[in-house]
Amino acid sequence: RKLSKDDQKTKKAQDALHLKWEKRMNGHLRKNLMQQRAKVIAALRIDPELSARFARSVDEAMGAFDAWQFANSINGDLQNAFTSAAFSQLDLEASFGEIVSDDAIEFQENRLPQIAEKRAEDRLGVIDGIGNQISAKLNQQILEGYDNGENLTQVTDRVRKVFNVGLSRARTIARTEATIMTVGGAQAQADANGMKFKKWIAHEDEFTRESHSQAQREGWIPAEEPFK
């Protein structure tokens, strides 16, 4: 359905903010993966021969990927996405002529940084879990290559394939986390400003879930109620 001018304005602001943080998170995750890939391959290249020393290099390579470092590479992005969405929400409300309450200002000045830090900490645990999946797959491939008697080039190819999948997952992670943090920041700020009603604005394209379209059709509902 065609969005109202106010809905279009809101959606445009939300989309721009989301895209900004999605790109930034994706860039930092990909950079970290490339750095860690180089570290793993460097560990494998201690000795190019299938010898006892190469076996030791396999052990080192299998322990070279740091899942927490992978997750923590966007810690600052997560917090900043949350806080920037909160500021954007307040600006949006003011542009519609809404009264900015003292509680909303107090929230930004005092409670927002702590809440953003806690939300980011919660999400880091999820991303660390994904990093551990990458690490497990990586170690499996290195060990299989070594057990099969493959040479350094073959084992390195296995490593590259695992990281290629990781690079693809980085974009999905970035998109998901940008959504969670920007929506969460806007919601937290709206709550602090005494939001009474809310409504869902869907993208309404070929990728839109039917449940999202249904939520949009509900229109305005009380802020404390869930969408059906």
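The values are calculated or read from the model by the stated rules, or taken from the named source; none is laboratory data. In this text, all values refer to a predicted model and were calculated from it rather than measured experimentally. Counting neighbours? That spans all protein chains shown, and the Cβs are built from the backbone with ideal geometry, glycine included. Ligands, DNA and RNA are excluded from the accessible area calculation, which covers all protein heavy atoms including side chains. Shrake-Rupley method; radii C 1.70, N 1.55, O 1.52, S 1.80 Å.
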Query - Yes/no for A170 being in a helix (DSSP H, G or I), of a type in the set (G, A, S), under 20 Å from L112 (Cα atoms) and under 23 Å from the mean Cα position of the chain (by Cα) - result: no
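Does the range 177-187 contain at least one residue that is in a loop (DSSP other than H, G, I, E, B) and surrounded by fewer than 16 Cβ atoms within 10 Å (Cβ to Cβ)? Don't jump to the end; show me each part of the working.
Restricting attention to the range 177-187, the residues satisfying the condition of being in a loop (DSSP other than H, G, I, E, B) are none.
The answer is no; no qualifying residue exists.
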**Report entry** Matching residues in the range 188-217 - criterion: being surrounded by fewer than 17 Cβ atoms within 10 Å (Cβ to Cβ) and in a helix (DSSP H, G or I)
**Finding:** D191, E210, S211, H212, S213, Q214, R217
Query - Boolean, D59 is at pLDDT below 95, out of contact with any helix residue (DSSP H, G or I) (no Cβ under 8 Å at 6 or more places or on another chain), open to solvent by 30 Å² or more (accessible area, probe 1.4 Å) and in a helix (DSSP H, G or I) - result: yes
Query raised in the report: Looking at the range 62-78, which of its residues are of a type in the set (A, V, I, L, M) and modelled with pLDDT under 85?
Result: M62
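Answer yes or no: is there a residue in the range 88-104 that is open to solvent by 80 Å² or more (accessible area, probe 1.4 Å) and either closer than 30 Å to R158 by Cβ or modelled with pLDDT of 90 or more (or both).
First pass over the range 88-104, keeping only residues open to solvent by 80 Å² or more (accessible area, probe 1.4 Å): 91, 98-99, 102-103.
Add one more test, that the residue is either closer than 30 Å to R158 by Cβ or modelled with pLDDT of 90 or more (or both), and what stays is none.
Checked the range 88-104: no residue is open to solvent by 80 Å² or more (accessible area, probe 1.4 Å) and either closer than 30 Å to R158 by Cβ or modelled with pLDDT of 90 or more (or both).
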Report summary line: Taking first residues from the range 137-163 that are open to solvent by 70 Å² or more (accessible area, probe 1.4 Å) and in a helix (DSSP H, G or I) and second residues anywhere that are at pLDDT 85 or above and among the small types (G, A, S), the pairs with Cβ under 9 Å that are 6 or more apart or on different chains are K137/G166; Q154/G145; D157/G145
